[in-house]
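Notes to accompany the following structure.
The values are calculated or read from the model by the stated rules, or taken from the named source; none is laboratory data. Bear in mind that the values here come from a model prediction, so they are computed numbers and not experimental data. FYI the Cβ positions are ideal-geometry reconstructions off the backbone, even for glycines, and counts take in every protein chain you see. Note: areas computed on protein heavy atoms with side chains; ligands, DNA, RNA excluded. Shrake-Rupley method; radii C 1.70, N 1.55, O 1.52, S 1.80 Å.
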Amino acid sequence: KTDVALRLIAEGGLLISDDQTALSADGTFLFAESISSIVGQMELRGIGIIKLDHAAKAPIALVVKLDPSAAPERLPEPALYSPPAPLKATRPPGLVTLHPFEPSTTAKITAAAAAMISGNFVAGVAP
């Protein structure tokens with residue numbers, strides 16, 4: 001997970017949380033934020049723990065399940081993330097399963113998140 005997050009950060013993204021993430025909801029959207037003890041910190045295997053620029057809290061547009069054995073479907077069925085109880089959101093994020101070490105994984109995440117936010121999905125993950 002950290003490897004994919006680090007690649008997204010290198011491509012211009014911001015860290016929200018590493019390892020432990022607090023979820024909240026406002027009735028419409030789900031939000032993610034870091035727990036206070038690790039705000040702005042990321043553990044890089046083989047390197048150590050570093051501090052990074054970070055976002056305090058952000059709405060979740062897309063949930064990505066990373067599965068090294070996954071062979072991405074050409075056109076997956078629409079899927080939405082079901083948040084744990086008691087969190088409720090009338091606009092839950094899309095859910096996609098990707099192989100973490102495929103070279104295009106971060107580009108796919110960026111494109112899918114942007115399409116979820118803008119409503120530009122024609123077919124696939126978003127219903």
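Accessible area of residue 75 (1.4 Å probe, protein heavy atoms only, ligands and nucleic acids ignored): about 110 Å². The residue 88 and residue 49 beta-carbon pair, evaluated with R₀ = 41 Å, returns a calculated FRET efficiency of approximately 0.75. Note on residue 74 and residue 120: the model spin-label points, each 7 Å out from Cα along the C-beta direction, lie 2.4 nm apart. When the solvent-accessible area of the chain is split by element, carbon and sulfur atoms take up 58 percent of it, the probe being 1.4 Å.
Taking N as the residue count of the chain, its C-alpha radius of gyration divided by 2.2 N^0.38 Å amounts to 1.07.
For residue 19, the accessible area of its heavy atoms, probed at 1.4 Å with every protein chain present, is near 120 square angstrom.
Here each label is just a point 7 Å from Cα along the line to Cβ, and for residue 36 and residue 20 those points are 1.2 nm apart. Surface analysis of the stretch 5-127 yields an accessible area of 63 Å² per residue, using protein heavy atoms and a 1.4 Å probe.
Per-residue packing, averaged as other Cβ atoms within 10 Å, sorts the ranges 81-92, 106-117 into the order 106-117, 81-92, beginning with the highest.
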